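> First the structure, then my questions, so here it is.
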Amino acid sequence: MTARLSLRQPAQVDAAAILGILSNPSVVQHNPSDLVEELQDVETLVRHWQGHWERHGFGNCCVFEEKTGRLVGNCGVRWMTIHGDRVLNLMYRFHPSAWGQGYATEAAEALLQWAQEWLPAELVVARIRPTNLASQKVATKIGLRRHPAFDDQGEDGVEWAFTKRS
Ligand SMILES: CC(C)(COP(=O)(O)OP(=O)(O)OC[C@H]1O[C@@H](n2cnc3c(N)ncnc32)[C@H](O)[C@@H]1OP(=O)(O)O)[C@@H](O)C(=O)NCCC(=O)NCCS
């Protein structure tokens with residue numbers, strides 16, 4: 001829960017709203033391999049996110065706008081390995097109708113604080129395409145900094161690492 005948003009574990013009932021985000025060309029402009037166009041593919045993705053929650057007690061969340069109850073995005077942390085090191089990957093992705101209101105910053109900041117409280121000593125890493133300036137802005141606003149040692153090849157090209165030791 002933040003000032004304007006509530007976050008919770010994803011459920012299958014969220015699949016249609018998530019599809020509305022992941023099938024939007026603007027959303028996947030910098031990460032075209034994230035495009036999802038079929039509901040059943042989102043349902044598979046939700047099961048994957050739920051699996052992480054079941055194993056670790058945290059993971060990618062659905063983000064709801066408090067004033068409308070609308071699902072406006074996804075944001076979360078999950079374990080991943082980069083160059084042999086286990087890190088906490090911070091992800092955020094919102095529907096374009098919700099952009100420009102500080103929602104991504106608000107949600108990502110809350111999750112970073114959560115990681116700092118519950119998983120101190122872990123490295124939080126946002127993986128961002130060099131052209132994705134809005135995402136880089138969010139990362140630096142919450143205190144993440146460029147950390148080229150964790151740059152990595154992603155499905156859509158090089159992913160720049162922005163990190164903070166929690
Ligand atoms: C990145 C994303 C989550 C940002 O969502 P948002 O709710 O608009 O973010 P915020 O409002 O919290 O902050 C965005 C900041 O980027 C800035 N910004 C937006 N578009 C920009 C652009 N094209 N170039 C530079 N800065 C930009 C905004 O002005 C704002 O900064 P400010 O607070 O100093 O004005 C959203 O654009 C998105 O979902 N994109 C598609 C998915 C994605 O790329 N996710 C990240 C994957 S690494």
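> Might you check whether a residue that is of a type in the set (Ser, Thr, Tyr), outside any loop (DSSP other than H, G, I, E, B) and surrounded by 22 or more Cβ atoms within 10 Å (Cβ to Cβ) occurs anywhere in the range 101-113?
yes
> Tell me, please, whether a residue that is within 14 Å of the ligand (Cβ to nearest atom), crowded, with 17+ Cβ neighbours inside 10 Å, of a type in the set (Ser, Thr, Tyr) and at pLDDT 95 or above can be found in the range 139-156.
no
> If I ask for residues that are crowded, with 20+ Cβ neighbours inside 10 Å and either of a type in the set (Lys, Arg) or in a loop (DSSP other than H, G, I, E, B) (or both), which ones from the range 55-90 would you list?
59
> Taking residue 93, is it outside any helix (DSSP H, G or I) and either without any contact (Cβ under 8 Å) to a residue 60 or more places away in the chain or among the small types (Gly, Ala, Ser) (or both)?
The answer is no for residue 93.
> Take residue 26 and decide whether it is part of a loop (DSSP other than H, G, I, E, B), surrounded by fewer than 18 Cβ atoms within 10 Å (Cβ to Cβ) and hydroxyl-bearing (Ser, Thr, Tyr).
Here the answer is yes, as residue 26 does meet what is asked.
> Kindly indicate the residue of the range 96-115 that is without any contact (Cβ under 8 Å) to a residue 40 or more places away in the chain and in contact with a strand residue (DSSP E or B) (Cβ under 8 Å, 6 or more places away or on another chain) and also nearest to the ligand (Cβ to nearest atom) among those meeting that condition.
104
> Filter the range 59-69 down to the residues that are without any contact (Cβ under 8 Å) to a residue 60 or more places away in the chain and in contact with a helix residue (DSSP H, G or I) (Cβ under 8 Å, 6 or more places away or on another chain) and list them by number.
59, 60, 61, 62, 63 - these are the residues of the range 59-69 that are without any contact (Cβ under 8 Å) to a residue 60 or more places away in the chain and in contact with a helix residue (DSSP H, G or I) (Cβ under 8 Å, 6 or more places away or on another chain).
> Which of (1) in contact (Cβ under 8 Å) with a residue 24 or more places away in the chain; (2) surrounded by 16 or more Cβ atoms within 10 Å (Cβ to Cβ) is the odd one out, the single condition residue 12 does not satisfy?
So residue 12 meets the others, but not (2).
> Does the range 38-54 contain any residue that is surrounded by 12 or more Cβ atoms within 10 Å (Cβ to Cβ), over 18 Å from residue 114 (Cβ atoms), acidic (Asp, Glu) and out of contact with any strand residue (DSSP E or B) (no Cβ under 9 Å at 6 or more places or on another chain)?
yes
> When the range 117-126 is examined, which residues are found to be surrounded by fewer than 24 Cβ atoms within 10 Å (Cβ to Cβ) and either near the ligand (Cβ under 9 Å from one of its atoms) or at pLDDT 95 or above (or both)?
117, 118, 119, 122, 123
The values are calculated or read from the model by the stated rules, or taken from the named source; none is laboratory data. Here the structure is a predicted model, which is why all the values come from computation and not from measurement. As a convention, Cβ positions derive from the backbone with ideal geometry for all residues, glycine included, and neighbour counts pool all protein chains shown.
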